[in-house]
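For reference, the structure discussed in these notes is given below.
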Amino acid sequence: MINKLIQKIEQTDAPIVVGLDPMLDYVPQHILKKAFDEKGENLEGAAEAIWQFNKGIVDATYDLIPAVKPQIAMYEQFGIEGMKTFKKTVDYCKEKGLVVIGDIKRGDIGSTSAAYATGHLGKVTIGENTFRGFDEDFVTLNPYMGGDSVLPFLEVCKEEKKGVFILVKTSNPSSGDFQDQLVGDTPLYELVGKKVAEWGEMHMGGTYSYVGAVVGATYPKMGKILRELMPKAYILVPGYGAQGGKAEDLVPYFNKDGLGAIVNSSRGIIAAYKLKAYEKFGSQAYADASRQAVIDMREDLKQAWVAAKA
Ligand SMILES: O=C(O)c1cc(=O)[nH]c(=O)n1[C@@H]1O[C@H](COP(=O)(O)O)[C@@H](O)[C@H]1O
């Protein structure tokens with residue numbers, strides 16, 4: 001799957017992930033009204049509204065982008081109905097040829113991680129048959145319970161030719177509370193980065209490993225260090241746009257081959273029509289605003305790369 005991801009990045013010339021993090025506040029009135037009229041103003045109606053909202057965005061952007069990242073909490077808040085929308089979204093994006101990164105941030109004792117890995121990446125055996133649960137292509141992992149919380153995912157990835165992105169240095173303001181603490185002379189995030197590189201060496205998909213890392217766009221100095229520590233890891237970079245990450249800071253997250261990183265934007269794309277720059281689209285054409293935001297993001301990343309190489 002890492003090779004499919006790279007191929008799609010090259011085809012689209014866009015190292016971009018659209019984060020499908022729908023909040024009801026982002027869903028335009030006309031979609032909300034229809035969903036509530038059909039299903040009621042309840043969990044089912046809300047789940048229907050975010051499904052229709054997502055579908056509009058995917059239809060308007062799928063030809064421009066390699067991948068999407070549905071964030072599971074945004075669906076979980078609507079209970080089982082929300083989880084059905086999560087699954088419908090995963091399946092629909094795959095039908096459209098997109099690589100799907102399930103943002104689940106899991107990690108637990110070995111046996112529990114194995115069950116998560118089965119549910120999100122692998123298959124479960126029931127009687128004589130096997131079934132797939134959510135079936136994303138990649139998932140995000142929180143490695144802070146240690147190696148045995150990660151390895152069950154890597155086993156399933158090997159079998160299924162899928163991949164993971166492991167949190168190394170996160171984009172949020174408090175990420176330094178633990179991740180920047182020194183262990184001896186080395187910050188904890190660097191130790192985790194080295195471990196990701198080590199696991200990655202054992203799980204190569206080609207030039208790049210299918211064990212990737214998450215490094216926030218908001219910490220570019222650390223991004224540069226981590227790029228060097230994990231040369232064969234694909235880096236998923238959240239924090240561009242809404243969290244303040246700038247394209248010019250992201251060049252060092254890429255390798256010299258122009259590959260090695262993929263930048264996520266969620267609110268900046270899916271709720272673009274609410275931003276001043278795209279307000280001319282209006283809420284009826286929210287998906288067109290998202291399309292334009294993807295085009296602008298692609299150009300922004302490209303300009304930053306060209307300027308850095310000049
Ligand atoms: O793993 C992630 O995707 C992630 C890691 C991180 O360090 N920071 C971070 O923002 N994220 C996710 O990336 C998305 C960022 O959303 P926006 O800030 O709206 O672009 C959300 O889905 C977050 O959960």
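The values are calculated or read from the model by the stated rules, or taken from the named source; none is laboratory data. Not measured: the values here are computed from a predicted model. Positions of Cβ are generated from backbone atoms using ideal geometry, with glycine treated the same way; all protein chains shown enter the neighbour counts.
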Identify, please: which residue in region 67-98 is out of contact with any Ser or Thr (no Cβ under 8 Å at 6 or more places or on another chain) and in a loop (DSSP other than H, G, I, E, B) and is, among those, surrounded by the fewest Cβ atoms within 10 Å (Cβ to Cβ)? G97
Among the listed residues V27, V58, identify the single one that is on the phi < 0 side of the Ramachandran plot and in contact with a Cys (Cβ under 9 Å, 6 or more places away or on another chain). V58
Quick one: F86 ticks every box in (1) in contact with a Cys (Cβ under 9 Å, 6 or more places away or on another chain); (2) touching a residue at least 40 places away in the same chain (Cβ under 8 Å) bar one, so which box is it? (1)
Looking only at region 257-310, filter to residues that are farther than 30 Å from Y208 by Cα and among the acidic types (D, E); which one of those is modelled with the lowest pLDDT? E279
L64, sole failed condition from (1) hydrophobic (A, V, I, L, M, F, W, C); (2) away from the ligand (no atom under 16 Å from the Cβ); (3) part of a helix (DSSP H, G or I): (3)
The condition from (1) surrounded by fewer than 24 Cβ atoms within 10 Å (Cβ to Cβ); (2) at negative phi that G282 misses is numbered (2)
Single unsatisfied condition, L226 versus (1) surrounded by fewer than 22 Cβ atoms within 10 Å (Cβ to Cβ); (2) among the aliphatic types (A, V, I, L, M); (3) at pLDDT 95 or above: (1)
I'm checking my understanding of the structure. Among residues of region 151-190 that are under 17 Å from A115 (Cβ atoms) and within 16 Å of the ligand (Cβ to nearest atom), which one is surrounded by the fewest Cβ atoms within 10 Å (Cβ to Cβ)? F153
Take region 108-134 and flag every residue that is more than 26 Å from S175 (Cα to Cα), in a loop (DSSP other than H, G, I, E, B) and out of contact with any Asp or Glu (no Cβ under 8 Å at 6 or more places or on another chain). G127, E128, G133, F134
